[in-house]
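First the structure, in the form of structure tokens, and then the observations on it.
Every number here is computed from the coordinates shown, using simple stated rules; none is lab data. None of these values were measured; they are calculated from a predicted model. Virtual Cβ from ideal backbone geometry, glycine too; neighbours counted across all protein chains shown.
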Amino acid sequence: MSVTSGQFPPKTTYRNFIDGAWVPSASGEVFENRNPANSDDLIGVFQKSTAADVEQAVDAARRAYRHWRLVPAPRRAELLFRAAQLIADRKEALARDMTREMGKILDETRGDVQEAIDMTYFMAGEGRRQYGQTVPSELRDKFAMSIRQPLGVCAVITPWNFPMAIPSWKIIPALVCGNTVVFKPATLTPLSALNFVKILEEAGVPPGVMNLVTGGGEEVGDALLADDDIRVVSFTGSTDVGRTVSKRAAPSFKRVHLEMGGKNVIMILEDANLDLAVEGCLWGGFGTAGQRCTAASRVVVHEKVYRQFLDQFVARARALRVGDGADPGAQMGPVVSRGQLNTVMKYVEIGQQEGATLACGGHALTDGAYGKGFFHEPTIFSDVAPSMRIAQEEIFGPVVSVMACRSFEEAVAIGNDVQYGLSASIYTQDLNKAFAAMRDLETGIFYVNAPTIGAEVHLPFGGTKQTGNGHREAGTAALDVFSEWKSIYVDFSGRLQRAQIDTADL
Ligand code: NAD
């Protein structure tokens, strides 16, 4: 493997973006951002913000809201179309920055940036399509209709695994609906967040409409949740933190949109095209080193094809080239941090203690250049029982649990037997079973003859059970998070009409 050479650019200090200006934190403190493929590579230092910075950002957003909500939605959209074009123009550089700060291979970071482009174009289009309803009134000479209204200042709190796509899923619909935003990205990926905000600034989004405050979840996140002027919190991250967000936001009745953990299943029936299924499990399980909310971390295989599938899957996983995501030959990058690597190693131990068979992998990679990063072998456990912790808990690393089943019904039961409900998939040629599974899997997303990953921006995205709280992002569903309905009655009769219908009114 080749790791980025020793010549790194000089240390850059990046700032917060508040009220149209790049400013340091009131704390005077910063935190480091390093390359997970080579921790000698210091990407830059970012502001370790405090409640005082949050207060300033929310104040700027509150003031900017007064004007921004009145800018016609198609005009707001024009700025967003411009932003989409700027992201597209800089796609390669943005992808390279992203690989450097969170590790996934360049093909995947290009995909992440592309999703931000697609989402920004799609949502900008909603500037001309924020449809309401017009219905017949009960009374003569009267119109009855409903319109979407923005809510105010939105807090956007995001994870590190899709550093540009996920912020775009939240920020662009918030802005097109006429809200203003305070954005707190994950501390592991502040550069991609900053790149995105810089583009919005260049596209002409007015001061105060878009604000960025970097720093820790407990400090910055908590201050946002405590602020009465925040009307919406859109959060993506772990289920544990989501629960805290939900509790902290409740006293001030904020609208809370939560997208959280997953333990997604691929079901392989006896009639499946096995080559296709193996390919799907490989990229579903080990893409982004297993650090996708939609990662296929569980595979349930019919007993008749179990051994054949497992042999092929293990052979392919063993052959995956692990390396620096910036290396064109790498097929799987490092995990994002030392903490994430420790979690993966802990679960490998747990799986062995639980009695699962380690079919391949199971070790951190530490030889030579690997030693400077957080690399782990693609790992497969076979003979896994559905109740084992490795089959129940989100590991968020390159570890896949393979289980056998005797029937379609058992596959569905195992698929549903987790606390999460994000994505599921089935490989089969049987149309009836594919449709039955599509109906019965308790997830927000379902795939047929494709892995659990690969959402498109114009359909709703989100999960059931402990993955989500009933909202969705992407598609027009995102507008429901960032707007609320107002019903309007216009009486042009010129006289007092009674609200109750009686024969005299007809
Ligand atoms: P995390 O929950 O640790 O952090 C998410 C964000 O919340 C970060 O910005 C973090 O700083 C912030 N935060 C932490 N503590 C906070 C607090 N007390 N108050 C407010 N904010 C706080 O998650 P992560 O490690 O960044 O991301 C991985 C998790 O995200 C996984 O569980 C994954 O499944 C999930 N995820 C879900 C989806 C989805 O759409 N369902 C998508 C991507 C990732």
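At a glance:
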read-out	value
Residue-wise HN-Hα coupling along region 324-340, computed from phi with Karplus coefficients 6.51, -1.76, 1.60 (Hz; x: Gly, Pro)	4, x, 7, 7, x, x, 6, 10, 9, x, x, 7, 6, 7, 4, x, 5
Packing-based exposure ordering (other Cβ within 10 Å, fewest first) of Cys281, Cys360	Cys360, Cys281
Exceeding the 26 Å Cα-Cα cut-off - candidates Lys184/Lys254; Lys11/Lys48; Lys198/Lys263; Lys48/Lys465; Lys104/Lys254	Lys198/Lys263; Lys48/Lys465; Lys104/Lys254
Helix 91-102 axis, angle to the chain major axis (alpha carbon atoms, nearest 10°)	60
Ranking of Trp169, Trp283 by count of other Cβ atoms within 10 Å, fewest first	Trp283, Trp169
Relative contact order (%) - criterion: Cα under 8 Å, at least six apart; region: region 30-148	23
Electrostatic dipole magnitude of region 27-186 [Cβ: Lys, Arg +1; Asp, Glu -1; Cα centre; debye, to 20]	840
Charge dipole of the chain about the Cα centre (unit charges at C-beta), most positive-ward option of Phe313, Ala436, Gly28	Gly28
Highest-first arrangement of 195-203, 125-133, where packing means the average Cβ count within 10 Å	195-203, 125-133
Region 120-133 - phi-based ³J(HN,Hα) in whole Hz, Karplus 6.51/-1.76/1.60, Gly and Pro as x	5, 4, 4, 6, 4, x, 5, x, 9, 10, 7, 5, x, 10
Rounded, prolate or oblate (a/c below 1.5 giving rounded, otherwise prolate when a/b exceeds b/c) for region 135-276 by Cα gyration tensor	oblate
C-alpha long axis of helix 274-286 to longest principal axis of the chain, angle in °	70
Relative contact order computed over region 85-234 (Cα-Cα under 8 Å; 6+ residues apart), in percent	25
Spatial separation of Cα centroids for region 289-368 and region 421-461, in angstrom	23
Set of aspartates and glutamates with alpha-carbon distance to Lys372 below 19 Å, sequence-local pairs under 8 removed	Glu32, Asp40, Asp41, Asp97, Glu101, Asp324, Asp327
Separation in nanometres of the label points that stand 7 Å from Cα toward Cβ, at Glu354 and Val71	5.0
The chain, relative contact order in percent, only Cα pairs under 8 angstrom and at least six apart counted	18
Cβ-Cβ FRET estimate between Gln308 and His458, R0 fixed at 30 Å, reported to 0.05	0.20
Segment Arg140-Asn449, extension gain: residue separation times 0.36 nm, minus the distance between their alpha carbons	105.8 nm
Size of electric dipole in region 183-265: Cβ of Lys, Arg +1 and of Asp, Glu -1, about Cα centre, debye, nearest 20	340
Value at 222 nm in deg cm²/dmol, rounded to 500, when DSSP H runs of n ≥ 4 in the chain each add -39,500 (n - 2.57)	-11000 deg cm²/dmol
Kirkwood Rh, Cα atoms: Rg over Rh of the chain	1.02
FRET efficiency, 1/(1 + (r/R0)^6) with R0 41 Å, evaluated for Gln85 and Phe253 via beta carbons	0.60
R0 of 51 Å, Cβ-Cβ distance Asp275-Ala21: FRET efficiency to nearest 0.05	0.40
With Cα atoms, 0 to 90° folded angle of helix 190-202 axis to the chain main axis	30
Proxy reagent accessibility, fewest Cβ within 10 Å first, across Ser246, Ser407	Ser407, Ser246
Whichever lysines have a C-alpha closer than 21 Å to that of Lys304, once near sequence neighbours (fewer than 8 apart) are set aside	Lys433
Fully extended contour minus Cα-Cα distance, from Asp383 to Ser407, at 0.36 nm per residue	7.0 nm
